[in-house]
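Just below is one structure, and these are the notes that go with it.
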Amino acid sequence: MDIAQNIRNLKELVPEHVKIVAVSKTRTVDEIISAYQAGQKIFGENRVQELISKKDQLPADVEWHLVGHLQTNKVKTLIPHVKLIHSVDSFKLLAIIDKEAVKAGITINCLLQFHIAREETKSGFDFAGAEQMLNSDEFRSLNNVNICGVMGMATFTCNMNMVRNEFKTLRKYFNILRDSYFSNNPFFTEISMGMSGDFRIAVEEGSTIIRIGTLIFGERNQNDKN
Ligand SMILES: *Cc1c(COP(=O)(O)O)cnc(C)c1O
């Protein structure tokens, strides 16, 4: 597996304005260093402890993103280490992130994760639920979370029309939210969508951040539930 070559290939396939998050869950520190040496500076993990222990072993200019489901009891540990949380899927979680961020005296960048796939196992807001939150006084009272956009995962299917339509839906949600709720927020700019199997379609449909594991590092171990 030539990680440096994979990164070069990927960069040729996506426009420069699209950020690439190298999803390094289950990968070794050596593999991550290979990617770093090839110029990759943003890495995504889905487990808090794994993110922190890898961060300790990598240079300080690496940007760490959390891309997987975040349990509320891990928020306090995570937030000093993370540049962007992609996976805010409930108001309860957002409120706890805010509370811990206030205590720590920091502001945390977050994306609202939407449920756009057919699988029920994937989490996220539905559009009505997100609007309900955004219209609430409780939401308006949060001061230390910065909502930077949206995130979604398409259905795992070879029906690429379905995938494209799900990405179109996420893009539409982004546009409505930006115009209706975030028109005064210059940071509400990101649409995190697209993985190894569907990033080309995601980019065509307006993705600004793609999250790529397999295409950079190779197949993950089958026994690993990540
Ligand atoms: C694992 C993971 C990815 C990367 O998946 P690949 O198919 O290996 O590119 C992207 N996003 C999330 C949320 C993930 O958990």
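Bear in mind these aren't lab numbers, they're just calculated from the coordinates by the rules spelled out. For clarity, every value in this text was computed on a predicted model and none was experimentally measured. Every residue, glycine among them, receives a Cβ derived from its backbone with ideal geometry; neighbour counts consider all protein chains shown.
Please order Lys74, Lys54 by the number of other Cβ within 10 Å, starting at the fewest.
The most exposed by this proxy come first: Lys74, Lys54.
Which three semi-axes in whole Å describe the equivalent ellipsoid of the stretch 137-181, each the square root of 5 times a Cα gyration tensor eigenvalue, listed largest first?
The equivalent ellipsoid of the stretch 137-181 has semi-axes of 29, 12, 7 Å.
Based only on Cα atoms, what Rg/Rh ratio does the stretch 104-226 have, Rh being taken as Kirkwood's radius?
Details: Rg = 15.6 Å, Rh = 15.6 Å.
Reported Rg/Rh (Cα atoms, Kirkwood Rh): 1.00.
Checking the table Lys11/Lys168; Lys11/Lys76; Lys99/Lys168; Lys41/Lys74; Lys11/Lys103 against a 30 Å threshold on Cα-Cα, which pairs fail?
Lys11/Lys76; Lys99/Lys168; Lys11/Lys103, as the Cα separations exceed 30 Å there.
For a footprinting-style exposure proxy, rank Lys168, Lys103, Lys25 by other Cβ within 10 Å, fewest first.
Ranking Lys168, Lys103, Lys25 by Cβ neighbours within 10 Å, fewest first, gives Lys103, Lys168, Lys25.
Are there trypsin sites (Lys or Arg not before Pro) in the stretch 190-222 that DSSP puts in a loop and that have at most 16 other Cβ atoms within 10 Å, and which ones?
Details: sites: Arg200, Arg211, Arg220; in loops: Arg220.
Here the sparse-neighbourhood loop sites are Arg220.
I need to check one value: relative contact order of the stretch 158-219, counting alpha carbon pairs closer than 8 Å and at least 6 residues apart, in percent.
Once divided by the residue count of the stretch 158-219, the mean separation gives 31 percent.
Using DSSP to define loop residues, name the GluC sites (Glu not before Pro) in the stretch 1-64 whose beta-carbon has at most 14 other beta-carbon atoms within 10 Å.
Those that pass, being in a loop and sparsely packed, are Glu16.
Treating cross-link reach as a plain straight distance, find the aspartates and glutamates whose alpha-carbon is under 19 Å from the alpha-carbon of Lys83, omitting any fewer than eight places away in the same chain.
Straight-line reach from Lys83, under 19 Å: Glu45, Glu50, Asp56, Asp61, Glu63, Asp98, Glu100, Glu190.
Helix-only mean residue ellipticity at 222 nm, the chain, DSSP H runs n ≥ 4 weighted -39,500 (n - 2.57), per residue, nearest 500. What is it?
Working: 10 runs with 92 residues, N = 226.
Result for the chain: -11500 deg cm²/dmol, rounded to the nearest 500.
Give, rounded to the nearest 20 debye, the magnitude of the charge dipole that the stretch 37-172 has about its Cα centre when Lys and Arg contribute +1 at Cβ and Asp and Glu contribute -1 at Cβ.
Using only the charged Cβ atoms, the result is roughly 180 debye.
Report the Rg/Rh value for the stretch 41-177, based on alpha-carbon coordinates and the Kirkwood definition of Rh.
Values: Rg = 15.4 Å, Rh = 15.7 Å.
Rg/Rh: 0.98.
Among Cys110, Cys158, which comes first, second and so on when ranked by fewest other beta-carbon atoms within 10 Å? The partial results should precede the final answer.
On the way: Cys110 26, Cys158 7.
With the fewest neighbours first, Cys110, Cys158 line up as Cys158, Cys110.
Decide, for the stretch 178-225, between rounded, prolate and oblate: order the square roots of the alpha carbon gyration tensor eigenvalues as a ≥ b ≥ c, take rounded if a/c falls under 1.5, and otherwise choose prolate if a/b is larger than b/c, else oblate. All intermediate terms of the calculation are to be shown ahead of the outcome.
Details: a/c = 3.80, a/b = 2.51, b/c = 1.51.
Note, shape of the stretch 178-225 comes out prolate.
Kindly provide the GluC sites (Glu not before Pro) of the stretch 163-226 that DSSP labels as loop, not H, G, I, E or B, and whose Cβ sees at most 14 other Cβ atoms within 10 Å.
Hits after loop and neighbour filter: Glu219.
Rg/Rh for the stretch 1-111: what does it come to with C-alpha atoms and Rh from Kirkwood? Each step should come with its number before you reach the end.
Values: Rg = 14.7 Å, Rh = 14.8 Å.
That ratio equals 1.00.
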